[in-house]
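Okay, so here's the structure we're looking at.
The values are calculated or read from the model by the stated rules, or taken from the named source; none is laboratory data. The shown structure was predicted, so the numbers you read here are calculated from the model rather than taken from an experiment. Don't worry about glycine lacking a Cβ; one is built from the backbone with ideal geometry, like all the others, and counts go over all protein chains shown.
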Amino acid sequence: MGYGKWVAGGLGWAFGGPIGGLIGFALGSLVEKSSKAEQSSTGNSTAGDFAVTFVVLTAAVMKADGKVLKSELNFVKNYYLKFFGQQQAKEMLQILKEVLKKDIQVNEVSAQVKAYMNYSSRLQVLHFLYGIAQSDGQITPDEVEMITRIALGMGISSTDSTSIKNMYIEETDSAYKILEISPDASVDEIKKAYKKMAIKYHPDKVSYLGEKARLAAEDKFKKLNEAYEKIKKQRNFK
C-alpha cells in the first residue's frame, strides 16, 4: 500500500520534530518502514508538508472535546474529498485514524509549523481547521479553544485569528472583525482595510501548495468579500 507522492515525495521539515514523530507512528502502523520516510529538514513548505500538518492538527481539533465520533470522521472524510481529491483524501483519512490514537503535543506541533511554514500558509491552516470544526453543523467551545491555542502557537496575530474565527462564528460586528477594523471606522478606512485584507487573503498567496489549496483559499477570500459587501450595504457606500 503506497501513501502517494504527497507523503513519499516532497516532504521536508514535516518529517522531523513532533509532526514527524506522529506521522512516523501512523505510517509505521500502516506500511513497512521505507527509506522514503527518512527525516529531513529543508526549511521549505511543500504541498505534502501542508497536508501532513493539516492531518495532525485536524486530529487535535477532533480530540478537543475528549471524544471522536464516527460521524465526525465521516464529516472530515467529506471535507478532505472536497479539498484534496479522492485518492489523497483516502490516504489522509487512514493516517488521521492512526494519529488520533496518540497524544498530540499541540504546543510543540504548532511551534514547528510556525518555524517552517510561511504566514499565508498558516492562515490557510487556521481557515481549514474552522471548516473542519464547522463540518458537523456546529463549532463547540472546546473546538474554538483548541483552534485558538493552535493559532497562538503558530504565531498568528490575535486580529487575524479573530478575523478568521468570525468567518465561521457570527459575533457582534463580525463583518468589521473580519476586516480587522472597528465599527466606527470611516468609509475611507473601510476601503483601505478591505484592500489590505484582499492582498493578505488572496488565493495566489498559497498557490505554491497546489491547486487544491489555492481553490480552498478562494472560500476565505469569498467570506472576506461578503463581509465587505455587508458593510457597504449597511453604510450605504460604493
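Mind checking which residues of the stretch 111-123 are more than 13 Å from F54 (Cβ to Cβ) and either at pLDDT below 90 or of a type in the set (S, T, Y) (or both)?
Selection gives Y116, N118, Y119, S120.
Would you mind telling me which numbered condition in (1) in contact (Cβ under 8 Å) with a residue 24 or more places away in the chain; (2) in contact with a helix residue (DSSP H, G or I) (Cβ under 8 Å, 6 or more places away or on another chain); (3) not hydroxyl-bearing (S, T, Y) N118 fails?
It fails just one condition, (2).
Within the stretch 166-175, is even one residue part of a helix (DSSP H, G or I) and without any contact (Cβ under 8 Å) to a residue 24 or more places away in the chain?
Our first condition is that a residue be part of a helix (DSSP H, G or I); within the stretch 166-175, this holds for 174-175.
Okay, now just the ones that are also without any contact (Cβ under 8 Å) to a residue 24 or more places away in the chain, so none.
The answer is no; no qualifying residue exists.
Of the conditions (1) free of Cβ contacts under 8 Å to residues at least 40 places away in the same chain; (2) surrounded by 15 or more Cβ atoms within 10 Å (Cβ to Cβ), S157 fails just one. Which one is it?
(2)
Hey, could you check the stretch 152-176 for residues that are closer than 20 Å to T140 by Cβ and among the charged types (D, E, K, R) and say which is modelled with the highest pLDDT?
Selected residue: K165.
Does at least one position in the stretch 200-222 carry a residue that is free of Cβ contacts under 8 Å to residues at least 24 places away in the same chain, hydrophobic (A, V, I, L, M, F, W, C), part of a helix (DSSP H, G or I) and within 14 Å of E180 (Cβ to Cβ)?
Checking the stretch 200-222: not a single residue is free of Cβ contacts under 8 Å to residues at least 24 places away in the same chain, hydrophobic (A, V, I, L, M, F, W, C), part of a helix (DSSP H, G or I) and within 14 Å of E180 (Cβ to Cβ).
Can you pull out the residues in the stretch 192-216 that are more than 20 Å from A175 (Cβ to Cβ) and among the aliphatic types (A, V, I, L, M)? Break it down into steps so the answer makes sense when it comes.
If we filter the stretch 192-216 for residues that are more than 20 Å from A175 (Cβ to Cβ), which is where we start, we get 203-216.
Listed by number, the residues that qualify are V206, L209, A213, L215, A216.
Which of the residues belonging to the stretch 87-103 are more than 16 Å from the chain's Cα centre (by Cα), aliphatic (A, V, I, L, M) and assigned to a helix (DSSP H, G or I)? Lay out the reasoning, then the answer.
Our first condition is that a residue be more than 16 Å from the chain's Cα centre (by Cα); within the stretch 87-103, this holds for 87-88, 90-91, 94-95, 97-103.
Remaining after also requiring aliphatic (A, V, I, L, M): 95, 99-100.
Scanning the stretch 87-103 gives I95, V99.
Collect the residues in the stretch 70-86 that are without any contact (Cβ under 8 Å) to a residue 40 or more places away in the chain and over 16 Å from the mean Cα position of the chain (by Cα), keeping them in residue-number order. Can you show your working first?
First pass over the stretch 70-86, keeping only residues without any contact (Cβ under 8 Å) to a residue 40 or more places away in the chain: 70, 73-74, 77, 80-82, 86.
Of everything in the stretch 70-86, those that are without any contact (Cβ under 8 Å) to a residue 40 or more places away in the chain and over 16 Å from the mean Cα position of the chain (by Cα) turn out to be K70, L73, N74, Q86.
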